[in-house]
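Chemist: Next up is a structure, given as structure tokens.
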Amino acid sequence: MAMRPAAHMPRRRALGLACLGAGAALLGGCTALPRSGAVQQSTIAPTDSDALIETAPGPTPNASPEQIVYGFLRAVSAGFSDDFATARQFLTGQAVEQWQPMAAVQVYSGTSEPQVVKSADGSVTVSAGSIGRRDADGVFILSTKDAVHETSFTLATTADSQWRIVGLDAGILLPLTQLTQHFASYRLAFLSRDHERCIPEIRWYPRKSPARDLLAGLIGGPSEWLAPGVTTALSSFSSLEGEGVTIDTASAVATVRLSADADPGSAKRGLLVAQIKETLIQLNEVEDVRVLAGAQDLGRPADLAPLVPEIGRPVGMAQGNVVRGTGTTRDTLATAQALGTAQCRHPALGADGSVYTLSASSLLHLAPGGTAASAILSVGEPTADAGGLGAPIVDRHGWAWLMAEGWLTAVDAAGQKVYPTASWLSGQGIEAFDLSVESERIVVRMDGGSVSLAVILRDDDGRPTGLGVAREMRHAGGPGTSGIFWCSPSSVGTLAAPEEDGGIPSVRIVTVGGIEPKKSVGVPGAQTVIANRSDGTFLLHDSSGQILHSPGATWRVLTTEVTDLSFPLP
């Protein structure tokens, strides 16, 4: 919609224009954004020594509306070097102050150029295939497949008859290459509700001086989907004082200055410091932190479990026994005699040393030091395919999760059974699921191939009470993919079929809150992936029954003697 010309300037004109323009040819109807332009790179060293300064010219006299908008786009591309000062020269009136470039970053692939279409009413619409959007909090939201982003600009002439932008949407439009040039993904560390573990959330912040943005993100709290299952020691009314954070590069210590009301009290000070330290030590120049709330030094961080904990050797079955390890020196955790049968499958190890395993249509539990297992869950059918039991996963709270008669089920060592559910699971079958390394998030593959993750809701005793809202993981699902697993605290993975006949399956790794998946080449005949959920280590199980690992650049056979391998949750 065009802005009406001011009444006291009768010669003033107004025109609605799209956010991109490419010259007079635009007036004919549709055009594409050129890939070349006046953005230039300088060899002058910027503040961030890993980047080059980009420059772009300001408005030229008597430029057409299309030239003004196209010039604005070029200036936006260079705006990370001058804080968008040049870009603002293309604006006038209230738009100069009201435009918020960092409120949203709309991202397109760059392989397909934005299209600009002039309408009969003089307005022009820009459309571009959308990859996603980075919001003002740094959260990246992937677009749905084949989504298109549209936006428009409004221009009017100034008192000296020069076209300027008077109306525009908040934010900017960038190709993916420029997003990754100017932004990077960082993790914020929130707390599990029992204050025992850190739970990461990925955010995208400018590469230049990210420390303050990271702290602001912590103060702002977790995203809506994550919030019901986590907590934070930084109160919502906290704020940064002065610069907020200074880093002494000689000592590698970051000093963080919070407002006095950010002090959570003596019981939680260590947790607050631990959150800040876990968040800031991902920066190369930071190894430790000192946190002040007003004049109060909040002391040392609480001793929490590592974000990427040591998992150790996998657990499996060998000659009817539950064992840990795959070599000749493997440890026996439960004998066939203690289990009461040599036909058990799919063992799982609890954090307290308890052993769980399937025996026909029952889930068995063997307490640490116990001599005889007991059945804690039984169903009518012996296999998951027949509506029976699936392989269990035991969380750190002592709950064994598995599919039982088609239902996602959790059962404790005493046989108490719950059905963690959510509205988004209603009417959908579950093909596979996995728990994150800290036991507070779940990723689920539906029968139709879609993949979603959610936080696990628990009561004060750690008992699962339900699942939070779903966050779709589009790149982890779809045709040609199977299985689902946590690869690390911030990424999930799936097995992807070969793209060509006779090809090799690959492991597709998708960062939660990331943009594009990564691919790791597998082995011919790979059927399942066994991941440790912590440091990215995973094994492959092939169609001949081999378990393979990749200690270097090649896959090698790890074992053929130990079956039904899985890694325990710490």
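Chemist: Taking 8 Å as the Cα distance limit and 6 or more residues as the minimum spacing, I'd like the relative contact order of region 315-566 as a percentage.
Modeler: Working: 623 pairs, mean separation 30.6, N = 252.
Rounded, it is 12 percent for region 315-566.
Chemist: I've got another one for you. Which lysines, if any, have their Cα less than 22 Å from the Cα of Lys208, not counting same-chain residues under 8 positions apart?
Modeler: Leaving aside lysines fewer than 8 places away in the same chain, those within reach of Lys208 are Lys277.
Chemist: Can you tell me the 0 to 90 degree angle between the C-alpha axis of helix 65-77 and the longest principal axis of the chain, rounded to 10?
Modeler: Helix 65-77 sits roughly 40 degrees off the main axis of the chain.
Chemist: Where a Cα-Cα gap under 22 Å defines reach, which lysines qualify for Lys518, not counting those fewer than 8 residues away within the same chain?
Modeler: Excluding near neighbours in sequence, the set is Lys145.
Chemist: What is the gain in length, in nm to one decimal, between Thr249 and Thr465 on full extension, counting 0.36 nm per residue of separation less the C-alpha to C-alpha distance?
Modeler: So the chain would gain 73.1 nm between Thr249 and Thr465.
Chemist: Another question about this same structure. Output the relative contact order of the chain, whole-number percent, from Cα pairs under 8 angstrom with separation of 6+ residues.
Modeler: Across the chain, relative contact order equals 9 percent.
Chemist: Add +1 for every Lys or Arg and -1 for every Asp or Glu among the other residues with Cβ under 15 Å from the Cβ of His397, and state the total.
Modeler: Working: positive: Arg193, Arg197, Arg396, Lys417, Arg441, Arg458, Arg463; negative: Asp194, Glu196, Asp352, Asp395, Asp412, Glu438, Glu440, Asp459, Asp460, Asp461.
With Lys, Arg at +1 and Asp, Glu at -1, the neighbours total -3.
Chemist: Continuing with the same structure: Which order, highest average first, do 424-432, 70-78 follow once you tally other Cβ atoms within 10 Å for each residue and take the mean per peptide? Write out the running numbers ahead of the final one.
Modeler: Working: 424-432: 13.9, 70-78: 23.8.
In descending order of packing, they fall as 70-78, 424-432.
Chemist: Calculate for the chain the 222 nm mean residue ellipticity that helices alone would give, adding -39,500 (n - 2.57) per DSSP H run of length 4 or more and normalising by residue count, nearest 500 deg cm²/dmol.
Modeler: Numbers: 8 runs with 58 residues, N = 570.
After summing the helix terms and dividing by residue count, I get -2500 deg cm²/dmol.
Chemist: Over region 264-350, calculate the relative contact order: mean separation of alpha carbon pairs under 8 Å at least 6 apart, over the residue count, as a percent. Numbers along the way, then the final one.
Modeler: Numbers: 96 pairs, mean separation 17.3, N = 87.
Reported relative contact order: 20 percent.
No value in this document is a laboratory result; all are computed from the given coordinates. This one's a predicted model, so the numbers in the text were calculated from it and none came from an experiment. When we count neighbours, we look across all protein chains shown, and the Cβ atoms used for this are built from the backbone with ideal geometry, even at glycine.
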